[in-house]
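The block underneath contains the structure these notes are about, expressed in structure tokens.
The values are calculated or read from the model by the stated rules, or taken from the named source; none is laboratory data. Everything numeric in this text was worked out from a predicted model, so none of it was measured. So basically every Cβ, Gly included, is an ideal-geometry build from the backbone, and we count neighbours across all protein chains shown. All accessible areas refer to the heavy atoms of the entire protein, side chains included, with ligands and DNA or RNA removed. Shrake-Rupley method; radii C 1.70, N 1.55, O 1.52, S 1.80 Å.
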Amino acid sequence: MIGLSHYLIVSAALFSFGILCVLTRKNAINVLMGIELILNAANLNLVAFSKYSSGKIDGQIFAIFIIVVAAAEAAVALAIILSMYRILRSVNLDRADTLKG
Amino acid sequence: MDKNLLGQIVFYFFAALTIGSAAVVVFARSLVRSAFALLFTFFGVAALYAYLGADFLAATQMVIYVGGILVLILFGVMLTHKLYDLNIKTGSVQLIPSTIAVVAVFAFLAFFMLRTEWFRGDSVLSGPTTASIGNLLMQDFILPFEAASVLLLLALIGAAMIVRRRSE
């Protein structure tokens with residue numbers, strides 16, 4: 001029988017791949033994809049807990065707000081990436097070192 | 001075939017689709033291939049939502065992630081690289097130490113997720129959810145709902161501000 005822990009494991013795997021994507025990729029757009037993976041993992045957790053733990057629908061409402069924030073985040077992040085491309089002619093994150101980070 | 005077994009097969013299929021395409025997102029050499037693998041990840045997560053009985057969220061996931069965010073990401077890929085160049089390569093850095101750290105994180109999470117005895121409510125959610133989500137958004141969650149609309153407006157204006165060409 002499929003239970004809560006199955007969803008939690010899927011979500012943990014999705015989260016781990018997202019972290020790996022953010023840590024290892026050079027391309028800024030690829031890092032953005034990793035962040036989307038992490039947000040999806042969090043959403044999956046919320047919906048699973050909403051079904052199996054509380055039996056209320058509040059978790060799904062929270063997931064909707066996360067989707068809204070993710071949409072806003074994607075728009076602003078892509079605006080920043082386009083702006084970076086215009087200045088540096090590259091979206092390689094290693095080249096965004098003006099602040100000596 | 002037993003209905004229970006069929007449900008398990010469907011779950012494992014979509015879980016494998018989600019995790020497998022997430023792996024392709026991380027390890028693909030081509031950026032465009034990465035973006036299309038992300039499509040299957042979003043689709044798999046939407047199917048898992050449907051499996052969890054969250055029908056409204058599954059539809060929202062399809063519309064917003066697949067129809068909105070993925071198209072936005074593909075626009076980003078096409079605007080920051082040479083058009084018609086479908087073999088956009090991208091490299092990885094520090095793959096081995098990151099992989100070790102991430103495997104450790106996953107083992108930690110999985111260990112505690114399996115070990116913890118989660119609180120089980122006596123009622124399990126069932127039935128269509130759209131009407132109750134609408135009622136909750138208009139009654140109990142009206143303030144966060146309005147705040148989200150302001151946030152979206154701010155993001156719209158902010159994104160347009162950041163990318164506009166400054167005329168000297």
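Once you charge only the Cβ atoms, +1 for Lys and Arg and -1 for Asp and Glu, what is the size of the charge dipole of chain B about its Cα centre, to the nearest 20 debye?
The dipole of chain B has a size of about 740 debye.
Only four residue types carry charge here, +1 at the Cβ of Lys and Arg and -1 at the Cβ of Asp and Glu. Report the dipole size of chain A about the Cα centre in Debye, rounded to the nearest 20.
Numbers: 8 positive and 5 negative charges, 50 e Å.
For chain A, the charge dipole is close to 240 debye.
Under unit Cβ charges (Lys, Arg +1; Asp, Glu -1), what dipole magnitude, rounded to 20 debye, does the protein assembly as shown have relative to its Cα centre? Provide the component values of the computation, followed by the final result.
Working: 18 positive and 13 negative charges, 207 e Å.
It works out to roughly 1000 debye.
Let me check against my output: what whole-number percent is the relative contact order of chain B, with C-alpha pairs under 8 Å and at least 6 apart? Numbers along the way, then the final one.
Working: 95 pairs, mean separation 33.0, N = 168.
Relative contact order of chain B: 20 percent.
Hey, if you drop one equal point scatterer on each alpha-carbon of the protein assembly as shown and run the Debye formula without solvent, what base-10 log of I(q)/I(0) do you get at q = 0.07, 0.10, 0.14 Å⁻¹?
Relative scattering, expressed as log10 I(q)/I(0), comes to -0.27, -0.55, -1.04.
Counting only complete DSSP H runs, which helices of chain B cover 27 Å or more along their long axis at the Cα atoms and score a mean Kyte-Doolittle of -1.0 or above?
Qualifying helices: B:3-27, B:31-51, B:95-115, B:142-163.
Charges on Cβ only, +1 for Lys and Arg, -1 for Asp and Glu, centred on the Cα centroid of chain B; of B:Ser92, B:Tyr49, B:Ile69, which one is farthest towards the dipole's positive end?
Toward the positive end, the furthest listed residue is B:Ser92.
So what is the accessible area of chain A per residue, in Å², with the probe set to 1.4 Å?
38 Å²
Using only Cα atoms, what is the ratio of the radius of gyration of chain B to 2.2 N^0.38 Å?
Computed over Cα atoms of chain B, the ratio equals 1.34.
Which whole-Hz couplings ³J(HN,Hα) result when phi for each residue of the range A:71-79 is put into the Karplus expression 6.51 cos²θ - 1.76 cosθ + 1.60, θ = phi - 60°, listed in order with x for Gly and Pro?
Ordered by residue, 3J(HN,Hα) equals 5, 4, 5, 4, 5, 5, 5, 5, 4 Hz.
In whole Hz and in residue order, list the ³J(HN,Hα) couplings for the range A:65-70 that follow from phi through the Karplus curve 6.51 cos²θ - 1.76 cosθ + 1.60, θ = phi - 60°; x for Gly and Pro.
Values, residue by residue: 5, 5, 5, 4, 5, 5 Hz.
In Å², rounded to the nearest 100, what is the total accessible surface buried by chains B and A against each other with a 1.4 Å probe?
Values: alone 13730 and 7270 Å², together 14210 Å².
Interface between B and A: roughly 6800 Å².
Under the Karplus relation 6.51 cos²θ - 1.76 cosθ + 1.60, θ = phi - 60°, what is the ordered set of whole-Hz ³J(HN,Hα) values for the range A:24-34, x standing for Gly and Pro?
Each residue of the range A:24-34 in turn: 9, 6, 8, 7, 5, 5, 5, 5, 4, 4, x Hz.
Which residues of the range B:51-71 bury at least 40 Å² of accessible area once all protein chains are present, versus their chain alone (1.4 Å probe)?
B:Leu52, B:Leu57, B:Tyr65, B:Ile69
Rounded if a/c is under 1.5, else prolate if a/b is larger than b/c, else oblate: which is the range A:4-95, with a ≥ b ≥ c the root eigenvalues of its Cα gyration tensor?
Working: a/c = 6.83, a/b = 2.01, b/c = 3.40.
Oblate, because a/c is 1.5 or more while a/b does not exceed b/c.
If you roll a 1.4 angstrom probe over the protein chains with everything in place, what fraction of the accessible area of the protein assembly as shown belongs to carbon and sulfur, to the nearest %? Don't skip to the answer; put the middle values down first.
On the way: 10040 of 14210 Å².
Carbon and sulfur: 71 percent of the exposed surface of the protein assembly as shown.
Quick check: Cα centre of the range A:69-101 to Cα centre of the range A:1-38, how many Å?
Distance between centres, Cα-based: 21 Å.
Lys/Arg Cβ at +1, Asp/Glu Cβ at -1, dipole of the range A:4-95 taken about the Cα centre: which of A:Ala28, A:Ile87, A:Ile66 is farthest positive-ward?
The residue sitting farthest along the positive end of the dipole is A:Ile87.
Just from its helices, what would the mean residue ellipticity at 222 nm be for chain B, if runs of 4 or more DSSP H residues each count -39500 (n - 2.57) and the sum is divided by every residue, rounded to the nearest 500 deg cm²/dmol? It would help to have the intermediate numbers written out before the result.
Values: 7 runs with 114 residues, N = 168.
After summing the helix terms and dividing by residue count, I get -22500 deg cm²/dmol.
Could you tell me which of B:Ile133, B:Leu154, B:Phe111 has its Cα farthest along the dipole of the protein assembly as shown towards the positive end, charges placed at Cβ (Lys, Arg +1; Asp, Glu -1), taken about the Cα centre?
Toward the positive end, the furthest listed residue is B:Leu154.
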